[in-house]
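Chemist: Supplied in structure tokens, the structure appears directly below.
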Amino acid sequence: MKIHALATGAVRVKHSFLFPKSGMRRQLDLFLPGPWSDPLPIHCWAVEHEGRLLLIDSGETAGARNIPFARFELSPEQELPGAMAEAGLSLDEVSEVILTHHHGDHVDGLVHVGAPARIHDAELEFAGQAFPALMRRVLRQPLPPGFAPVPFALDDGPFGAFDRSRRLSLDGRILAVQTPGHTPGHVSVICIDDEGRHVMLAGDVTDTLEQLLSRRADAVGPDPKVHVATLETILAHCRRHPTVYLPSHDPGSAARLAGSVTVD
Ligand SMILES: [Zn+2]
Ligand SMILES: [Zn+2]
């Protein structure tokens, strides 16, 4: 198995996005003036295994509009085709795309992919609800043209500390697990590497490893309690299995993947 970190440009987010207050201020502060972070990577991942090439998420595109709490920094050359070429990979070889959740910085790159895409059924249902649809209109963040991923159920039973999972490879070494919080149907993908470590491609479960270890809910999830419960489950999983934890926007993710650095 080989896992590649692909970076499709960067995003700056408001400090209040990374370190939200509790109560009303959690989401309100996103729309008020405030300091901004350094650029954070927009990662997606390519996994070579069993003669197939899986993409986990598809990254952002240069046409993404800034929103009150996120500013995108990427050129057309940094979109998925360029990121894949930099890793020595070709889009023609992609077998399928697994989406962690429906946000633009994870799905917009699908415009470059001919292979089928799949998404957790609960996430597809959430994306179609009135409130997320309204937010996409208000923030001018439409789903990419032709967005029609095939839904899958997490019906392959428990895996490690997770109650529900779905096998994504024949040998069961690549799985989706439920990690609700950032969005209700969010999944993470766990790859069991050749040394038996669990490499967790965590999407936006948290923005950083620090946020996981601090058990801090984010500013955008509908229910902070659900989010914190997921973080506890992930930490329980990390205690059972050596796990390399890789959120999409953590500036440390690529180095932790390269060095197989597990959560203590
Ligand atoms: Zn997201
Ligand atoms: Zn994201």
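Chemist: What percent do you get for the relative contact order of the stretch 50-113 when only Cα pairs under 8 Å and 6+ apart count?
Modeler: About 50 percent, as a whole number.
Chemist: Within a 10 angstrom radius of the beta carbon, how do Cys191, Cys238, Cys44 rank from fewest other beta carbons to most? Display every interim value, and only then the final one.
Modeler: On the way: Cys191 24, Cys238 21, Cys44 28.
In order of increasing Cβ crowding within 10 Å: Cys238, Cys191, Cys44.
Chemist: Shifting gears a bit: Determine, at each q value in 0.08, 0.12, 0.15, 0.16 (inverse angstroms), the log₁₀ of I(q)/I(0) that the Debye formula gives when each Cα of the chain is one equal point scatterer.
Modeler: Per q value, in the given order, log10 I(q)/I(0) is -0.28, -0.66, -1.09, -1.27.
Chemist: How much net charge surrounds Asp57 when only the other residues with a Cβ under 11 Å from the Cβ of Asp57 are counted, with Lys and Arg +1 and Asp and Glu -1?
Modeler: -4
Chemist: What value in Å³ per residue do you get for the convex hull of the alpha-carbon atoms in the stretch 74-113? Don't skip to the answer; put the middle values down first.
Modeler: Working: hull volume 3.0 nm³, N = 40.
About 75 Å³ per residue, rounded to a whole number.
Chemist: For the stretch 39-81, what is the convex hull volume of its Cα atoms per residue in Å³?
Modeler: Here the figure is 78 Å³ per residue.
Chemist: Let me know the volume per residue of the alpha-carbon convex hull for the stretch 173-246, in Å³.
Modeler: Looking at the stretch 173-246, the number lands at 71 Å³ per residue.
Chemist: May I pose another question? May I ask you to derive the relative contact order of the chain, considering only C-alpha pairs under 8 Å and at least 6 residues apart, and to give it as an integer percent?
Modeler: Numbers: 575 pairs, mean separation 42.9, N = 264.
RCO, the chain: 16 percent.
Chemist: Using only Cα atoms, what is the ratio of the radius of gyration of the stretch 128-264 to 2.2 N^0.38 Å?
Modeler: 1.08
Chemist: Still on this structure: Using mean Cβ contacts within 10 Å as the protection proxy, how do 22-29, 228-235 order, highest first?
Modeler: 228-235, 22-29
Chemist: Under 10 Å, Cα contacts only: if you run a Gaussian network model on the chain, which one of Val94, Val177, Val205 comes out with the highest mean-square fluctuation?
Modeler: Val94
Chemist: On to the next question. Of Val220, Val138, Val97, which has the largest mean-square fluctuation in a 10 Å C-alpha GNM of the chain?
Modeler: Looking only at Val220, Val138, Val97, the largest GNM fluctuation is found for Val138.
Chemist: Using only Cα atoms, figure out Rg for the stretch 94-186 and give it as a multiple of 2.2 N^0.38 Å.
Modeler: 1.12
Chemist: What ranking do Phe69, Phe147 get, fewest neighbouring Cβ atoms within 10 angstrom at the top?
Modeler: Working: Phe69 22, Phe147 17.
The most exposed by this proxy come first: Phe147, Phe69.
Chemist: Identify all aspartates and glutamates with a Cα-Cα distance to Lys14 below 19 Å; exclude those on the same chain that are fewer than 8 residues away in sequence.
Modeler: Asp29, Asp38, Glu60, Glu73, Asp105, Asp204, Asp207, Glu210, Asp218, Asp250
Chemist: Ratio of the stretch 20-103's C-alpha Rg to 2.2 N^0.38 Å, to two decimals? Show your work: numbers first, answer last.
Modeler: Working: Rg = 16.5 Å, N = 84, 2.2 N^0.38 = 11.8 Å.
For the stretch 20-103, the normalised Cα radius of gyration comes out at 1.40.
Chemist: Mind checking which of Leu170, Leu154, Leu209 has the largest fluctuation in a GNM of the chain, springs on alpha carbons under 10 Å?
Modeler: Judging by the Gaussian network model, the answer is Leu170.
Values in this text are rule-based calculations from the coordinates and carry no lab data. For clarity, every value in this text was computed on a predicted model and none was experimentally measured. Methodologically, a virtual Cβ is constructed for each residue, glycine included, from the backbone with ideal geometry; neighbour enumeration extends over all protein chains shown.
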